[in-house]
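Step one of this worksheet: look at the structure below.
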Amino acid sequence: DANRKISHIYIRRETMATSAATFMMRRTAAVAARQSVFAGRKVGTIHTGAVRFASTYYTPAHEYCKVEGKVTTCGITDFAQAQLGDIVFVDLPEVGDEFEKGDSFGSVESVKAASDVYAPVSGTVVEINEVLSDEPGVVNTSAEGEGWFVKIEMSEEGELDDLMGEEDYKAHCEAEAH
């Protein structure tokens with residue numbers, strides 16, 4: 001019984017050490033993601049095996065995707081909603097619909113214009129923001145928060161490499177504004 005207790009303590013200490021090491025690895029990777037510069041652009045994610053840390057990416061057409069694991073939350077950016085004005089209607093796909101990167105998955109209409117919304121990545125829609133059917137103005141008040149459009153389970157994570165990080169997107173918006 002004493003040997004079993006000692007063995008249990010050893011295993012528990014080893015597990016705690018592994019958990020601490022995993023925590024430190026993730027913490028170090030997160031710090032590196034915020035501070036690293038690679039080929040002149042900000043690195044938004046660090047790949048560690050099957051784990052992809054949460055990051056936000058942007059398209060030149062002003063869609064965003066917030067990545068958590070293999071699921072990405074997509075919508076239009078704050079810049080896009082500001083350009084459109086008061087949003088009065090959002091058309092969304094069905095859960096289970098599949099899209100290729102760049103396909104139109106819905107549209108948004110405002111008092112100024114109507115615009116298609118394009119999939120920033122390929123994959124399957126796993127959830128839609130049903131609030132937007134009754135309250136499309138949520139996009140105006142919280143475009144990159146409560147005003148998200150769809151959640152897509154990515155089929156090709158490598159497609160994220162073609163999208164812009166936060167700093168590049170900010171520069172893109174500044175260039176478009178002038």
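Each reported figure results from applying straightforward, stated rules to the coordinates on display, with no laboratory input. Because the structure is predicted, anything quoted here is derived from the model rather than measured. Cβ atoms come from the backbone with ideal geometry, glycine included; neighbour counts cover every protein chain shown.
Given 0.36 nm per residue, what is the gain on full extension from E153 to E167 after removing their alpha carbon distance, in nm?
Answer, rounded to one decimal: 2.5 nm.
Per 0.36 nm of contour for each residue apart, how much would the distance between E98 and V71 grow if the chain were fully extended, relative to their Cα-Cα spacing?
Numbers: separation 27, 0.36 × 27 = 9.72 nm, distance 1.35 nm.
Extending this stretch completely gives an extra 8.4 nm.
Take each of the peptides 120-132, 96-108, average the number of other beta-carbon atoms within 10 Å over its residues, and list them starting from the highest. Can you show the working numbers first?
On the way: 120-132: 19.0, 96-108: 16.4.
Highest mean packing first, the order is 120-132, 96-108.
Treating cross-link reach as a plain straight distance, find the aspartates and glutamates whose alpha-carbon is under 18 Å from the alpha-carbon of K170, omitting any fewer than eight places away in the same chain.
Hits, sequence-local ones excluded: E63, D78, E144, D161, D162.
Which order do the peptides 58-64, 82-88 come out in when sorted by mean C-beta neighbours inside 10 angstrom, highest first? Intermediate results must be reported in sequence, preceding the final value.
Values: 58-64: 20.3, 82-88: 16.4.
Output ranking for 58-64, 82-88: 58-64, 82-88.
Extension gain D86-A61, at 0.36 nm per residue separation less the Cα-Cα distance, in nm? Kindly include the intermediate steps, with their values, before the conclusion.
Numbers: separation 25, 0.36 × 25 = 9.00 nm, distance 1.85 nm.
Difference between extended and current length: 7.1 nm.
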